[in-house]
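Only one structure is covered here, and it is reproduced in the block below.
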Amino acid sequence: MSEEFIREVDEDLRHKQLSGIWKKYGPYLITFLVGVVLFVAGNVSLKNYNESKYAKVAELYGKADQSVIANDMDEALKNLEALSDTDVDGYQILVAFKNADIELTKGDPEKAVAALDKLTTSSGVDKVYRDLAVLKAAMIVLDTESYDQVKARLAPLTIEGNVWKYMAKELLAMAALNSGNGEEAKRLLLELEQDLEAPQDVKERAKDFKSVIE
């Protein structure tokens with residue numbers, strides 16, 4: 001049995017292990033993102049409830065939701081397009097994330113990322129939500145863009161003080177692994193594991209990922 005064959009088998013097993021870990025923890029990250037967006041939606045609804053000037057915007061967004069439920073994605077996008085330039089607080093965020101989800105459902109990740117990228121450059125949106133759009137876009141392109149491209153997206157989020165720092169580093173480590181840069185992945189995961197301020201679940205995930213690489 002050749003060394004090359006053994007190495008290929010070892011790499012295949014490692015890939016399956018990594019995929020298993022991502023399948024285990026990936027939904028957690030996605031659920032967290034959805035929860036944040038729903039929180040925004042709740043705040044928008046409470047703030048704008050009974051205020052007539054927001055009625056049209058709320059109605060269009062509600063129609064988009066209903067179209068999604070009815071699996072009429074084109075009609076949903078049509079209603080969202082009418083809201084693309086709204087200045088009503090919160091709806092820019094909701095529209096961008098809803099648009100991205102619909103495009104993903106339709107199998108067009110490029111348009112999904114474009115919707116999120118547009119939000120990241122919107123001066124009327126709080127930075128925390130613009131950064132959240134960056135994070136979700138990075139999740140979408142994780143398997144299609146190079147490590148350097150993903151790193152360029154996530155770099156602003158990995159700095160000290162950014163609320164998404166830990167999630168960004170986790171994604172960056174996954175991007176490094178996908179590109180075959182195991183040493184960089186281990187470095188990022190070790191930083192997470194040894195970060196005294198990192199949440200315990202983040203440290204545990206970093207440890208799991210790192211144990212597969214080593």
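Each value in this text was obtained by applying a stated rule to the coordinates, not by laboratory testing. These numbers come from a predicted model, not from an experiment. No Cβ is skipped: glycine too gets one built from the backbone with ideal geometry, and neighbour counts run over all protein chains shown.
Residue by residue, the range 120-136 carries 3J(HN,Hα) couplings of 5, 9, 7, 6, x, 10, 4, 4, 4, 7, 5, 5, 5, 5, 4, 4, 5 Hz when phi is fed to the Karplus relation 6.51 cos²θ - 1.76 cosθ + 1.60 (θ = phi - 60°); x denotes Gly or Pro. When you count the other C-beta atoms within 10 angstrom of each residue and take the mean per peptide, 79-87, 103-111 line up highest first as 79-87, 103-111.
Counting 0.36 nm for each residue step from Ala155 to Asp143 and taking away their Cα separation leaves a gain of 2.6 nm. Sorted fewest first by neighbouring Cβ atoms within 10 angstrom, Met167, Met174 come out as Met167, Met174. The residues packed around Ala112, meaning those with a beta-carbon under 10 Å from its beta-carbon, carry a net charge of -2 if Lys and Arg are +1 and Asp and Glu are -1. Taking a Cβ cut-off of under 11 Å around Ser67, the surrounding Lys, Arg, Asp and Glu residues balance to a net charge of -1, with basic ones at +1 and acidic ones at -1.
Suppose the chain between Lys111 and Ser123 were pulled fully straight at 0.36 nm per residue; how much longer would it get relative to their current alpha carbon spacing? Don't skip to the answer; put the middle values down first.
Working: separation 12, 0.36 × 12 = 4.32 nm, distance 2.09 nm.
Stretched fully, the Lys111-Ser123 segment lengthens by 2.2 nm.
Once you sort the root eigenvalues of the Cα gyration tensor of the range 90-172 as a ≥ b ≥ c, which label holds: rounded (a/c under 1.5), prolate (a/b larger than b/c) or oblate (the other case)?
oblate
With K and R counted +1 and D and E -1, the other residues having a Cβ less than 15 Å from that of Ala76 yield a net charge of -4.
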